[in-house]
Amino acid sequence: MNSSLRHAWGAVLLTAALTLAAWHTVDAHHAVLRFNLEEMTVTADRVFVGACVGIEPTSELIAGGDLAVTRYTFDVEQVLKGELPARFTFTQLGHPARAALKGELSSHGQAVQRGLVLHGAAEFGVGDRLMLFLIPSYQNGRLTYPVGLDQGAFMLETATDGGGQVFARNDLNNLGLFTAPFNGTRMTDGDGKVVHPEDADTISRSVQLSDAARSLADKRGALPLGPLMELVQKIHEEHGGPKGRIVGNGKEGR
Amino acid sequence: MRKSLSNRSATRILAAAALIVAAAAWRVEAGGPLFVLNGVPILWANRVVTGGPLNSTTVTIDAQGRRNVIYHVDQGTLGPLSNAQAVHFTERIFSEFSNIETSSIKFINGGPIRDPDTGLPVDVKATNVGKFLSFGHPTFQNPIVFDTDGSITGGGGVLGFFGALSFEPDFSALTESFVVLNGAVITPPALLSPTSFLGVFQHEFGHFAGPLDHEQINGNIALFRGEAVIPAGFTNFVQTFDLFAPFLETTYPFFFRAPSGSVLRASGFPDTGYFIATLDMDTKNALSNLYPTGAYRATTGSIEGQVFFTSSGGGKIPVNGINVVARRIDRAPYPPPLGTQAFPTPPTLDADGVPSVPPAQAATDSLATVSSAVTGLDFGAGTYRIQGLPPGQYEVMLQQILGPATGGSGIGPLSFQLVLPFREEYFREEVTSNIVSDFTPVTVRAGRVTANINLEINGLDTGEPERAKEDPSHLTLATAQDLGPLPARVAGSASVEDPFHLIVDFGGGAGEGIQDLYKFQTTRPVTIVWMSLEPQKGKSGAGDLDLFLFRPTANPDVVKLGSAGNPRFSATGTSHELIAVALGPGTWFLGVGAFDGAVDYELRVIQNIQ
């Protein structure tokens, strides 16, 4: 038997599991820098709200090899930054993480699957509504992922109190969105136009915002979507960006 | 793709496929193995491993029978570092692990990464990295990739990757791994200094080397975390950082910056990267536990015991997933007094800018001579064994693991860390103490295991409730059996043959039916609630039950895990399940799902004493 056949090609990709915590705000993420909302918005080239309508784990020939990727398809409801078709598919390295099966190789309760699993990546399913901040595509436009992996993926949930208000929350429970220092990916201290992590008023008083948007910095946990979108749009505007929009005839695009 | 769970006929099938194991890895220990299979740590293969298009080798066995892991290095630059500098960094990191005297595994530079198509040395870039990370076609090189400009990792803030590329066919051992280092983060204007970067990747290469899990000892205190028990007198982050950060465990899952006002920061050490560029005792022990030399267990001792809580009803229930720490205290007590300095004189720097380890001093010995384990290792439920301890007297303490230490930042086996009534407790004969100075010293002797160092979790209301019986039918949210005031205890039974209405959606197309549904109320602003499922003593029957905690759901048929209202579940491969969580006021549902067989169970819901 060929020796290579005696091996299982199980592969797992763990983002280096050391978190760069903003000082004094631990919070997490797996070898990924912490982003505040302004740097997250500036780092992303596409920010949108939409519903996931398809998840396709597969593989593609990228950079000379057959890499495990997942294609996520969204029905786009609103674009806050960039231009997107009404049905939009993006491709991310790795396959979705899942809990380990009984009797299966595992790490921290997660399955170590054949194929690449990008630990720390956002987890969502078909039917979920999200607000996503996607980084500029890399690998010749083939791949992207949410800024800071799961930090840039906000799950949207409707309150069950009958009011119908929609709230947004990322895997960090929104920690650090207004307090994490600029991490140097796209911005450094002093670059902030809206978010000032070191100040008592972490959202600048000089920026025109509704009371609801301004009060987001005082809230913990899930944030109301409407004011959050207003704030993201304001950040984008302050950095000179044009309004995001849905383009084309609604056909699927990338 | 996640399947719809709205179709009942489908849910039966999905329930049968509900294979989730939150705590499948319950035999893992802190700083222990990163990968486990059926509770067994997954190590590097203990054989010569050769394969791939170049017929290259990733593991050899030397004349002494030791594993030598052969890695290969990129030919490119790493941000501002030349290739020679980047290779030097890599060799330096691996040499730290190879030079652990009590560990037998060694890491050897096998030379440049070679292109699998040409066999020539190669600069791995965004244009060819797929050849080395290819799904299904490993090259058997253990590649260390220098992503010089971040084009491999993308611009989303990722510092680097570690990954396992191949295992033995039965997943019993690792045969190839890789690391990608993102040089963009040290490219001016740099986020990290090269020395700090060295520390970051000392941590990452620990995952490669063992592969090792994370650990928690001094890090929480250095970080002034709310979950930590901050020593008396220490009132701010500056104080804790300056004393505890130099003793930071290398595989503590969080990297952090020094606060303003820190003496260390003013001295040129702006973050913890500088201090994890050298290995701490617990990390050395973790690798030694997996690959022990003959002298390891002969020259050091171990402490073993069980962590448990006393249930309402009297029994002792072992608890997995608790961090236990042993600090040597025969030089000086723990904690050191405020004013103690890790570096009474400034540390010396080596050629790479890495500071010397803090000098040995009695006052800080408890920070340096310390090791840990998480309960539920190979020694039984709720049991820990801390190994590699130099002879002496120790203070043994249990700790709550940091809440965010899950997933890729996880410590130990649990998907959700347990919330304890007391964040830290100390071993004392008869009754566990929650006062750091009130403890019984534990003696460690070389080559010996000091056993029965048992710690009881205190602070739970273990008053005896009436033992309720299960209602005949309580399948739906509307008919969920009310457990009444806490503590509560109910005797029930569940079987895969029982009907169910509610489905737990795990995602990925997997779900599990809830055969028995209970509810209870919490009224305090914050209540720590422990929910324990155990098989009834003296009853026959075998199977596997799981436990789920969730809020009232908008959809009466499906509970979706991971959504905001559904905080916890426990689904080991047994019927011993435990959820321990802090809850706000409200009504909570508790579901018992039968994964396999039929089991008579006791469900206890206990709250903390106010």
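The values are calculated or read from the model by the stated rules, or taken from the named source; none is laboratory data. In this text, all values refer to a predicted model and were calculated from it rather than measured experimentally. Neighbour counts run over all protein chains shown; Cβ positions are idealised from the backbone, glycine included.
Here are some notes:
- Failed condition for B:HIS88, given (1) under 32 Å from the mean Cα position of the chain (by Cα); (2) more than 18 Å from B:LEU212 (Cα to Cα); (3) not in a helix (DSSP H, G or I): (3)
- Lone qualifier among A:ILE246, A:ILE203, A:ILE235 - being in contact (Cβ under 8 Å) with a residue 24 or more places away in the chain, surrounded by fewer than 18 Cβ atoms within 10 Å (Cβ to Cβ) and among the hydrophobic types (A, V, I, L, M, F, W, C): A:ILE246
- Hits in the stretch A:124-143 - residues which are in a loop (DSSP other than H, G, I, E, B) and under 10 Å from the mean Cα position of the chain (by Cα): A:ILE135
- Picking from residues in the stretch A:155-187 that are assigned to a strand (DSSP E or B) and in contact (Cβ under 8 Å) with a residue 60 or more places away in the chain, the one that is surrounded by the most Cβ atoms within 10 Å (Cβ to Cβ) is A:ALA168.
- Within the stretch B:116-134, the set of residues being more than 7 Å from chain A (Cβ to nearest Cβ) and without any contact (Cβ under 8 Å) to a residue 24 or more places away in the chain comprises B:THR118, B:LEU120.
- Residue count for the stretch B:202-233 under the criterion of being of a type in the set (A, V, I, L, M, F, W, C) and in contact with a strand residue (DSSP E or B) (Cβ under 6 Å, 6 or more places away or on another chain): the result is 4.
Let's see how each residue does on (1) within 7 Å of chain B (Cβ to nearest Cβ); (2) at pLDDT 80 or above:
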position: A:ALA16; (1), (2): yes, no
position: A:PHE35; (1), (2): yes, yes
position: A:GLU60; (1), (2): no, yes
position: A:VAL76; (1), (2): no, yes
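- Filter pass, B:PHE171 being at the interface with chain A (Cβ under 7 Å from one of its Cβ atoms) and aromatic (Phe, Trp, Tyr): yes
- Any chance A:TYR145 is at the interface with another protein chain (Cβ under 8 Å from one of its Cβ atoms) and free of Cβ contacts under 8 Å to residues at least 12 places away in the same chain: no
- Which listed residue, of B:ASN99, B:ASN109, is surrounded by fewer than 20 Cβ atoms within 10 Å (Cβ to Cβ) and either modelled with pLDDT under 95 or farther than 15 Å from B:PHE208 by Cα (or both): B:ASN99
- Sole exception among (1) within 30 Å of B:ALA258 (Cβ to Cβ); (2) over 17 Å from the mean Cα position of the chain (by Cα); (3) of a type in the set (Val, Ile, Thr); (4) modelled with pLDDT of 75 or more for A:THR25, by number: (4)
- Search result, residues across the stretch A:95-107 that are closer than 26 Å to A:LEU156 by Cα and assigned to a strand (DSSP E or B): A:HIS95, A:ALA99
- Which numbered condition B:LEU212 fails, given (1) modelled with pLDDT of 90 or more; (2) more than 8 Å from chain A (Cβ to nearest Cβ); (3) within 26 Å of the chain's Cα centre (by Cα): (1)
- Residues satisfying the stated conditions in the stretch A:55-94, i.e. in a loop (DSSP other than H, G, I, E, B) and either on the phi > 0 side of the Ramachandran plot or free of Cβ contacts under 8 Å to residues at least 60 places away in the same chain (or both): A:ALA63, A:GLY64, A:GLY82, A:GLY94
- Restricting B:GLU424, B:GLU395, B:GLU456, B:GLU429 to residues that are touching an Asp or Glu at 6+ places or on another chain (Cβ under 9 Å) and acidic (Asp, Glu) narrows the list to B:GLU456.
- Positions within the stretch B:135-165 being crowded, with 24+ Cβ neighbours inside 10 Å and more than 9 Å from chain A (Cβ to nearest Cβ), in sequence order: B:THR139, B:GLN141, B:ASN142, B:PRO143, B:ILE144, B:VAL145, B:PHE146, B:ASP147, B:THR148
- Of the residues B:THR235, B:THR251, B:THR195, the single one that is in a loop (DSSP other than H, G, I, E, B) and either facing another protein chain (nearest Cβ under 10 Å) or closer than 30 Å to B:ASP149 by Cα (or both) is B:THR251.
- Residues located in the stretch B:587-602, provided they are surrounded by fewer than 22 Cβ atoms within 10 Å (Cβ to Cβ) and out of contact with any Lys or Arg (no Cβ under 7 Å at 6 or more places or on another chain): B:ASP596, B:GLY597, B:ALA598
Table: residues versus (1) surrounded by 15 or more Cβ atoms within 10 Å (Cβ to Cβ); (2) not assigned by TED's automatic domain parsing to the domain that holds B:VAL592.
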| site | (1), (2) |
| --- | --- |
| B:ASP438 | no, yes |
| B:VAL442 | yes, yes |
| B:GLY447 | no, yes |
| B:VAL490 | yes, no |
| B:ALA494 | yes, no |
| B:PRO499 | no, no |
| B:PHE506 | yes, no |
| B:ILE514 | yes, no |
| B:PHE520 | yes, no |
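- Residues located in the stretch A:124-137, provided they are at pLDDT below 95 and at the interface with chain B (Cβ under 8 Å from one of its Cβ atoms): A:GLY125, A:VAL126, A:GLY127
- Matching residues, the stretch B:437-454, being under 14 Å from B:THR299 (Cα atoms) and charged (D, E, K, R): B:ARG445, B:ARG448
- Residues of the stretch B:264-312 satisfying the condition of being more than 30 Å from B:GLY447 (Cβ to Cβ) and surrounded by fewer than 20 Cβ atoms within 10 Å (Cβ to Cβ): B:ARG265, B:ALA266, B:SER267, B:GLY268, B:PRO270, B:THR310
- Checking the stretch B:92-99 against the condition returns no match, with no residue being away from every other protein chain (no Cβ under 14 Å) and of a type in the set (A, V, I, L, M).
- Test: residue in the stretch B:302-324 that is among the polar types (S, T, N, Q), touching a helix residue (DSSP H, G or I) at 6+ places or on another chain (Cβ under 9 Å) and assigned by TED's automatic domain parsing to the domain that holds B:SER415: no
- B:GLY219 being closer than 30 Å to A:ASP189 by Cβ and either touching a residue at least 24 places away in the same chain (Cβ under 8 Å) or more than 9 Å from chain A (Cβ to nearest Cβ) (or both): yes
- Only listed residue being modelled with pLDDT of 95 or more, surrounded by fewer than 20 Cβ atoms within 10 Å (Cβ to Cβ), over 30 Å from A:THR73 (Cβ atoms) and of a type outside the set (A, V, I, L, M, F, W, C), chosen from B:THR60, B:THR90: B:THR60
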